Amino acid sequence: VLSPGVRALLLYPMNVLANDQMERLRKLLRNHPDVTFGRYTGETKEREKEARDLYIQMFGEEPPSNELVSREAMRESPPHILLTNYAMLEYLLLRPDDFPFFDGVYAREWRFVVLDEAHTYAGARGIEIGMLLRRVKDRVVEGQPGLLQCFATSATLGRGIADAPEIVRFAAEVFGERFEWVEGDKERQDVVV
């Protein structure tokens, strides 16, 4: 059995995308009850009873045993996979009640950061997200590069393989990590088209 604590952060620009991903995670993790997951957004209820009642009202059944549906449950035992949006992530980093995600005994297992819809983070928003992710890294890996695997997903970032060097620069700036694209060396190509 895995100990509690975030292993992967899935970061979305808006709640509707996080909600859509929850449907996929429920199906994907149905047969993996040891892997916990939870969506922590402005829509997430504070108390467990209220959150469970809402879940049953919406879906007509109890939530899966590995889905954490309330803020209090996630604070007590942080999920392995945490879904949120960038605005809520900002709050999570600031509020002492939410420190268990980033500090203490449950915060030592962070491994992955996934930034969905990366094309929405151009310009000033990209700079803001980059700073936010650096603050996360400062908390969970003391800012050390290379300890978190970072992924950016997008259906519309770049126009194919010719844009790979530009995409690598974008990812390096946003995540503050090393990404590379070496033409002809498949072991050194961090862009999947």
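Structure above, values below:
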{"read-out": "Cα centroid separation - the range 77-153 against the range 31-51, whole Å", "value": "18 Å"}
{"read-out": "Residue among 89, 74, 182 farthest towards the positive dipole end of the chain, charges placed on Cβ", "value": "74"}
{"read-out": "Accessible-area composition of the chain, carbon plus sulfur, in percent [1.4 Å probe]", "value": "53 percent"}
{"read-out": "Listed residue (106, 29, 58) projecting farthest to the positive dipole end of the chain, Cβ model", "value": "106"}
{"read-out": "Mean Cα-pair separation over length for the chain, i.e. relative contact order, pairs under 8 Å, 6 or more apart, %", "value": "23 percent"}
{"read-out": "Kirkwood hydrodynamic radius of the range 115-193, from inverse mean 1/r over distinct Cα pairs, in Å", "value": "13.1 Å"}
{"read-out": "Only Lys, Arg (+1) and Asp, Glu (-1) charged, at Cβ; the chain dipole about Cα centre in debye", "value": "100 debye"}
{"read-out": "Charge dipole magnitude, Cβ of K and R +1, D and E -1 - the range 64-127, Cα centre, debye nearest 20", "value": "140 debye"}
{"read-out": "Percent of Cα-Cα distances greater than 18 Å, calculated over the range 5-79", "value": "36 percent"}
{"read-out": "Area accessible to solvent at residue 91, 1.4 Å probe radius, in Å²", "value": "120 Å²"}
{"read-out": "Debye, to nearest 20: dipole size of the range 126-193, +1 on Lys, Arg Cβ, -1 on Asp, Glu Cβ", "value": "220 debye"}
{"read-out": "Amide N proximity, the range 75-90 versus residue 54 label position 7 Å along Cα-to-Cβ, cut-off under 19 Å", "value": "75-79, 82-90"}
{"read-out": "Exposure ranking of 156, 41 by accessible area [1.4 Å probe, largest first]", "value": "156, 41"}
{"read-out": "Equivalent-ellipsoid semi-axes of the chain, from the Cα gyration tensor, Å, largest first", "value": "30, 18, 16"}
{"read-out": "Lysine pair count for the chain [Cα-Cα under 29 Å; pairs on different chains or 8 or more apart]", "value": "4"}
{"read-out": "Accessible area (Å², 1.4 Å probe, nearest 10) - residue 138", "value": "100 Å²"}
{"read-out": "Nearest-10 value in Å² for the accessible area of residue 131, using the 1.4 Å probe", "value": "110 Å²"}
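The values are calculated or read from the model by the stated rules, or taken from the named source; none is laboratory data. Because the structure is predicted, anything quoted here is derived from the model rather than measured. We place every Cβ from the backbone using ideal geometry, glycine too, and count neighbours over all the protein chains shown. For the accessible areas, the whole protein counts, side chains as well, though only heavy atoms, and no ligand, DNA or RNA atoms are used. Shrake-Rupley method; radii C 1.70, N 1.55, O 1.52, S 1.80 Å.
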